[in-house]
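To start, the structure itself, in structure tokens.
Every number in this text was worked out from the coordinates using simple rules, so none of it is lab data. A quick note: this is a predicted structure, and the numbers were derived from the prediction, not measured. For neighbour counting, all protein chains shown are included, and Cβ atoms are generated from backbone atoms with ideal geometry for every residue, glycine included.
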Amino acid sequence: MPYTKVKRSELQFGRVLGTGGFSTVYHAIWALATARTTQEVAVKRLNAIETKELEIMSKLDHSHIVKLLGVVDEAPDFYLILELCTGGTLRQYLDTFTMKRLPFTQFLDWMKQAALPIQYLREKGVVHKDIKSPNYLITDGNVLKLSDFGLAKEITQTMSNATQSASYPWMAPELLKNLKLSPNYDIFSLGVVAWELWTTDSPFKGLEWQVVIMKVCGENQHLLIPDDCPQPIADLMRQCWESDWGKRPSIDHVLHVIVDTAKAAAARERLINGTWKLEREIGEGEPGKLGWPCGIAVNHHGDVCVADWDAAKIQVYSQQGMHKFSIDTKQGLEPGTYSKPIAVRVSSDGSLYITDKTQFIKVYSPDGVYRERWPAVSPQHKASNAENTVLIGLTIDAKGQILVGEIRQKYVSKHEQDGTHIASIKVGIAPCSLAVTSQGAIIIIVTGENQCIL
């Protein structure tokens, strides 16, 4: 890629964007004399022009690699003028990310964007040699771009002993052992970046570089992959971390796995109002992995509340499928009381109403704090019948009234939100699932009878 020889006087320096082992990067305004205009750029200050870095970068032109725009070579001023990426580094983004996991579609997209420049470099016969999250920059369009080619080498060359201590968590064993630079060196580092994208954590956080070397080289230990990581991605990370570089996957294989995983995720799409909506599979992440989901509702924040029969909990997820918190439905019951949530509904104020196989409706605040319980058995039913009550169906009508289906005695009871009983409706069928139309008609589904009755 062609670049321009620039005079130091054409640059107006601003704040420091970042520092590394051998350079400092500034925000700057470049006054282009020929075009009579200005451009915001990043300027990398060097102790001297690295001819190999300049030679390699001048040959590169890829949408996921930071562009070299110009060079200042006027001793003692040595600068590379680079494309400005306003979103900071990938590591900075992950450090400030507040959720436990990236949305699954974003994870796959960024993992692919991190791999594509490595594929391009491989075709050019170049090893970047410093693949890590601080060297991926983010544009204002959320595009990842690989930067910092100060350590890059052509594959035919032997490695340089120059390393950066901050890069040890990403370094492959052959470099740590001072062996010849391998063609698959960057694949090892990409596996670490994939781990960062999944966990949003820093690799080997808090460990000194000597300890990292001992773990990776001496003990063949690697980063712990969380149980909720999809199996194809987890397997790919382990393959990338093979100590024998010849057993590591090719970059083409890495991209193939990413694309196949995305296709598998797309196969879980659900048809909503005639359009396909892709979300991460609910329950994919710990600690909210579902056992037996049997009821679902959406609260006033748009969070998804799922009744989990096996865990005796209500699991609450964001719309992206990220687990937020769990509600223990045994709260408010005597020890040993059988409680498995069957249905969950949310009122207009965000309160959660839950039925199970007891005779009570249990009420929780929007944040999952137990409030109270009240009997769904109406005064018109005998106490002896109350012992055999099994509440399943549950809905809330337009007036905010709670309707509960009792399957053994085959009635629907109606209540105010404070538990005050309004009426009991003898329906003569087992009301397993309920809904109410805008006109107030009750729709009942009868399990096992293939009926929907109004």
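Between the stretch 84-138 and the stretch 363-377, how many Å separate their Cα centres?
So the separation of the two Cα centres works out to 45 Å.
Using Cβ counts within 10 Å as a stand-in for footprinting exposure, how do LEU176, LEU151, LEU32 rank, fewest first?
Numbers: LEU176 17, LEU151 22, LEU32 14.
Listing LEU176, LEU151, LEU32 from fewest to most nearby Cβ atoms yields LEU32, LEU176, LEU151.
Just to confirm a number: summing +1 for Lys and Arg and -1 for Asp and Glu over residues other than TRP110 whose beta-carbon lies under 13 angstrom from that of TRP110, what do you get?
Values: positive: ARG91, ARG101, LYS112, LYS145; negative: ASP109, GLU196.
Once all neighbours under 13 Å are counted, the net charge is +2.
Within the stretch 90-161, list the chymotrypsin sites (Phe, Trp or Tyr not before Pro) lying in a DSSP loop whose Cβ has at most 16 other Cβ atoms in a 10 Å radius.
Answer by residue number: PHE97.
How much length, in nm to one decimal, is gained on full extension between HIS421 and LYS52, taken as 0.36 nm per residue of separation minus their Cα-Cα distance?
124.7 nm
To one decimal place, what Kirkwood hydrodynamic radius in Å is obtained for the stretch 71-161 from all pairs of distinct Cα atoms?
One over the average 1/r among Cα pairs gives 15.0 Å for the stretch 71-161.
Under unit Cβ charges (Lys, Arg +1; Asp, Glu -1), what dipole magnitude, rounded to 20 debye, does the stretch 4-82 have relative to its Cα centre?
Values: 10 positive and 9 negative charges, 31 e Å.
Here the size comes out at about 140 debye.
Rank SER9, PRO76, HIS62 by how far each Cα sits towards the positive end of the charge dipole of the stretch 4-82 (+1 on Lys, Arg Cβ; -1 on Asp, Glu Cβ) and give me just the farthest.
SER9
Given a Förster radius of 25 Å and the C-beta distance between VAL390 and ALA264 as r, what FRET efficiency does 1/(1 + (r/R0)^6) yield to the nearest 0.05?
Given R0 = 25 Å and the Cβ-Cβ separation, E is 0.05.
Beyond 15 Å, what share of the Cα-Cα pairs of the stretch 4-82 remains, rounded to the nearest whole percent?
So the portion of pairs separated by more than 15 Å is 55 percent.
Count the net charge of all other residues whose Cβ sits under 10 Å from the Cβ of SER365, scoring Lys and Arg as +1 and Asp and Glu as -1. Intermediate results must be reported in sequence, preceding the final value.
On the way: positive: ARG371; negative: ASP349, ASP367.
Here the count lands on -1.
Once you sort the root eigenvalues of the Cα gyration tensor of the stretch 191-251 as a ≥ b ≥ c, which label holds: rounded (a/c under 1.5), prolate (a/b larger than b/c) or oblate (the other case)? Numbers along the way, then the final one.
On the way: a/c = 2.10, a/b = 1.15, b/c = 1.83.
Oblate is the answer for the stretch 191-251, as a/c is 1.5 or above yet b/c matches or exceeds a/b.
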